[in-house]
Amino acid sequence: MSELLSPPPAAAGNQYGAEHAAAKKAVALAARLCKKVQQDLLKLDVQTKADRTPVTVADYGSQVLVSVVLKMELPSNPFSMVAEEDSEDLRKDGAQEMLGHITKLVNETIINDGSYSITLSKEDVLVAIDCGKSEGGPSGRHWILDPIDGTKGFIRGDQYAIGLALLDEGKVVLGAMACPNLPFKSIDHNGVSSGDQVGALFSATIGCGSTVESLEGSQPQKINVCSISNPVDASFFESYERKHCMRDCTSSIAEKLGIQAPPVRIDSQAKYGAVAQGDGAIYWRFPHKRSKEAVWDHAAGSIIVTEAGGLVKDASGNDLDFSKGRYLDRDAGIIATNKYLMPLVMSSDGRPVGVLIAQPLLRQKKITGASKTAAKLSAAWKSP
Ligand SMILES: Nc1ncnc2c1ncn2[C@@H]1O[C@H](COP(=O)(O)O)[C@@H](OP(=O)(O)O)[C@H]1O
Ligand SMILES: [Mg+2]
Ligand SMILES: [Mg+2]
Ligand SMILES: [Mg+2]
């Protein structure tokens, strides 16, 4: 599903060429730090945040490196970033050792890369992390960063992604996503796929398509979503983590659609990359109960799918709206697939997919805000 592209979009003079090149450089450098940490993960380096999710030295280090690279590469652009991590826990007593380790990792990565002659102090690191505190919104330009998406996968030694996107006047206009553990298939000039490497860098600019290249450096290859139109031939991706989506709901929709293949469960926005390059047909994510979806969990991945010819919708069939701040204002559920399968998924078994999502939520008797729309849909739907 990929073909060699020459020249790469960054050199083709598109409106966001400089930002596209800077974003790729930023996530590739952050990926180097993450790979080093994943190879040598220490207990000391995992903290539990107030929301009880894990965060590692690599999440923080990645966020620092991305903000440093963007500022160094685009010095004249005003800088605003909506990013997942903040420095609050690192400023607490007892976090000094971890902060020291992050600072050392960041400086070693910068020195080894050789692009910049700068050294960050611990305070510089804290300030760089807090560059991600922007609220985003509908006006101006804002970077959106998940420094490690799939931290649980990262800790397990599995898939994870560094996802960076640019929001311009409320619309995602470019995305770059490093997936250090995802296989990369290089395609030669005759279109022949050769020797699998590990480490893929996806990117997309609005109106210019999506590409994948090796994280180690290679020519970008244009990618497209698959053209499967019969669900019998389709496969689907969902979260590896059971708590992140309702498996009874996805398996019942898969059954109703006639999907034969078992689910492929991997962590992070790597799922969007896999759909964008046609490795599978569908990625869906149906939440258990009210859990806010952060913009950084979907911004980079969704433009990579849409620019690869796919569609990304919420459970009511609306486009994702990234202009509402740090969280998506979406109906319960997110679906990424091609234009043939989307209408079928949206009205599985003749009923809106929102209804199918609503049923287990209603059974939980926890009709909170996120499930209200689904509950309304369910009430409005009359069995034929
Ligand atoms: N209990 C939960 N329910 C739903 N989503 C959750 C969750 N705990 C964490 N997440 C989100 O799911 C993301 C990972 O998605 P996936 O399941 O596709 O790997 C996490 O990103 P981070 O790892 O960046 O924190 C986090 O935002
Ligand atoms: Mg997290
Ligand atoms: Mg995430
Ligand atoms: Mg994260």
*Estimated dipole of the stretch 2-223 in Debye, rounded to 20 [Cβ of Lys and Arg +1, of Asp and Glu -1, Cα centre]*: 180 debye
*Given a cut-off of 21 Å, name the pairs among K133/K324; K171/K313; K92/K152 whose C-alpha atoms lie farther apart than that in the structure shown.*
K92/K152
*Applying 1/(1 + (r/R0)^6) with R0 = 35 Å to the Cβ-Cβ distance of S229 and A95, what FRET efficiency is obtained, to the nearest 0.05?*
0.10
*Compute the separation of the alpha-carbon centres of the stretch 82-113 and the stretch 235-274 and state it in Å as a whole number.*
34 Å
_Check: the stretch 150-267 dipole with +1 on Lys, Arg Cβ and -1 on Asp, Glu Cβ, in debye_ = 300 debye
*the stretch 238-352 - percent relative contact order, Cα under 8 Å, separation 6 or more*: 28 percent
*Once you have the Cα-Cα distance between K104 and D329, take 0.36 nm times their residue separation minus that, and quote the gain in nm to one decimal.*
77.2 nm
*Taking the stretch 234-321, which trypsin sites (Lys or Arg not before Pro) meet the DSSP loop condition and have no more than 15 other C-beta atoms within 10 Å?*
K289, R290, K292
_Calculate the FRET efficiency for D321 and R247 from the Cβ-Cβ distance with a Förster distance of 22 Å, rounded to the nearest 0.05._
0.25
*How far apart, in nm, are two points set 7 Å out from the Cα along the Cα-to-Cβ line at D196 and at E123?*
5.0 nm
*Once amide H atoms are placed 1.01 Å from N in the peptide plane, what residues at a sequence separation of 5 or more from S80, or on another chain, have their amide H within under 5 Å of its amide H?*
W143
*Normalised by the number of residues in the stretch 2-223, what is the relative contact order in percent for Cα pairs under 8 Å and 6+ residues apart?*
23 percent
*Report, in debye and to the nearest 20, how large the dipole of the stretch 214-326 comes out about its Cα centre when Lys and Arg carry +1 and Asp and Glu carry -1 on their Cβ.*
440 debye
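Quick note: the coordinates plus some simple rules give every number you see, no bench work behind them. All figures in this text were calculated on a predicted structure; none of them were measured in a lab. Cβ atoms come from the backbone with ideal geometry, glycine included; neighbour counts cover every protein chain shown.
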